[in-house]
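One structure below.
Readers should treat all values here as calculations from the given coordinates under stated rules, not as data from a laboratory. Computed from a prediction, not measured in an experiment: that's the story for all the values here. Virtual Cβ from ideal backbone geometry, glycine too; neighbours counted across all protein chains shown.
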Amino acid sequence: MAKTILILLIMFTTNLWAKTLPSTDFKVVKEFINEMSSRHNFNKKELVTIFSQINLQVPVKPSPLKEPEKEKKKVVKRKPMPWSKYRGLFVNESRIKGGITFWKKYHKTINDAETKYSIPSEIIIAILGIETNYGKTKGKHPTLETLTKRAFGNYRRKGFYKNELESFLLMVRENSIPPLSIKGSHAGAMGYPQFISSSYRHYAVDFNLNGKIDLFSDPIDSIGSIANYFYKHYWQKDASIAIKVRPSKEYTLLAKKSINKPTKTAKTWRENDVNIDSRISNETKIAFVLLENEDETNNETWATFWNFYVLTRYNHDNRYAMAVFQLANKIKQQFNLNHSNTNETSTK
């Protein structure tokens, strides 16, 4: 009974201190506002007004009462989602059908983007399909609040989010957008393509030439911006992305040791007695990627090329890049099949 009362007292004492205050009450936020004012000529009073509407958690003070000792739990490293399950979330009938519908609706725009930037249409569509299900799920979290909490709260990568917060304020000013009106993902990604603030500023384009860039409600600007993103990351026109290789201990070991940026040529691998697919030329640079499943016998190993690495610039997870690659292929196959069937029907 005494132990229970002690725990309740600790919880009560902790809750007294667990409160929120306007972010402008925090020294780090005040310093950030001063930096934005001096470095980028923002109106300091306007920033104070905006940030005063965002609350941050006050750090919990240590309780004067000593909490009863608990048995130390062994920290278990969380395993990533198996590839087969991850794949099923995105490479499925719903996303394929949605991609075909989107392609038909914006056929001219997507074709124009491919022509201008040399990015395959199906890659652009697959990105939109995986990121927001073609604009249906753009996120409901207030972006300014998200970035503020991650930059100054108890989160990892505070420096990264502080830079993104700076980019966000510059982005909304450059595009005349009310900063408190924007909503996005739980990590601050926004719009159809889920660009973070710095990507919006560097890669977003006015593809419909109406004098403004809008990735929140304009799929045309979003299509062009995704294409420009990959173009600026040096996508290789008409080049391969990945080839699945047969299961073997040799390839599994290579994939575990390899980074996804191809640095060694097929010739180099061959000279080191690695069995490289005969379809791959000696000059082609290769990296090996392992996609793990719950049952190790179902793991997949892929020989990947430069364009696979470019896909990981959008999201660094190899599973993400492979899902884009496979969804794009499925959409293209089905789109071409439908188009072929339509042509056959129209000629009868």
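Things to note:
- Close amide H contacts of residue 264 (hydrogens built in the peptide plane, cut-off under 5 Å, sequence separation of 5 or more or a different chain): 286.
- Amide H within-cut-off set for residue 56, under 5 Å, with H built and near neighbours excluded: 21, 23
- Extension gain, residue 212 back to residue 93 (0.36 nm per residue minus Cα-Cα distance, nm): 39.4 nm
- Aspartates and glutamates with Cα under 17 Å of residue 244, excluding same-chain neighbours fewer than 8 positions away: 277, 292, 296, 300
- FRET efficiency, residue 237 to residue 155 (Cβ-Cβ, R0 25 Å, nearest 0.05): 0.05
- Across 212/332; 212/232; 44/162, pairs whose alpha-carbon gap is larger than 27 Å: 212/332
- Potential lengthening between residue 112 and residue 45 on full extension [0.36 nm per residue; Cα-Cα distance subtracted]: 19.7 nm
- Angle in degrees between helix 121-132 and the longest Cα principal axis of the chain, rounded to the nearest 10: 30
- Sequence-ordered 3J(HN,Hα) estimates for the stretch 303-309 from the Karplus curve with 6.51, -1.76 and 1.60 and θ = phi - 60° stand at 8, 10, 10, 3, 5, 5, 4 Hz, glycine and proline given as x.
- Full-extension gain in nm, residue 34 to residue 337, via 0.36 nm per residue minus C-alpha separation: 103.2 nm
- For the stretch 265-277, 3J(HN,Hα) per residue [Karplus equation, 6.51 cos²θ - 1.76 cosθ + 1.60, θ = phi - 60°, Hz, x = Gly/Pro]: 7, 4, 4, 4, 4, 5, 5, 9, 6, 8, 6, 9, 3
- Of the peptides 118-124, 311-317, the order by per-residue mean of other Cβ atoms within 10 Å, starting with the highest, comes out as 118-124, 311-317.
- For the chain, the Cβ-based charge dipole about the Cα centre amounts to some 900 debye (Lys, Arg positive; Asp, Glu negative; other atoms uncharged).
- For the stretch 242-304, the Cα gyration tensor yields ellipsoid semi-axes of 20, 11, 10 Å (square root of five times each eigenvalue, largest first, whole Å).
- In nm, spacing of pseudo-spin labels at residue 293 and residue 163 (7 Å Cα→C-beta vector): 3.8
- Amide H contacts of residue 183: 143, each under 5 Å away and 5 or more positions distant or on a separate chain (H built 1.01 Å from N in the peptide plane; Pro and chain starts excluded).
- Charge sum, other residues only, whose C-beta stays under 14 Å from residue 152's C-beta, Lys/Arg counted +1 and Asp/Glu -1: +2
- Couplings 3J(HN,Hα) for the stretch 24-32, derived from phi with the Karplus relation 6.51 cos²θ - 1.76 cosθ + 1.60 (θ = phi - 60°), are 6, 7, 9, 4, 5, 6, 4, 5, 5 Hz, where x marks Gly and Pro.
- Cβ-based net charge around residue 41, under 15 Å, with every Lys or Arg adding one and every Asp or Glu removing one: 0
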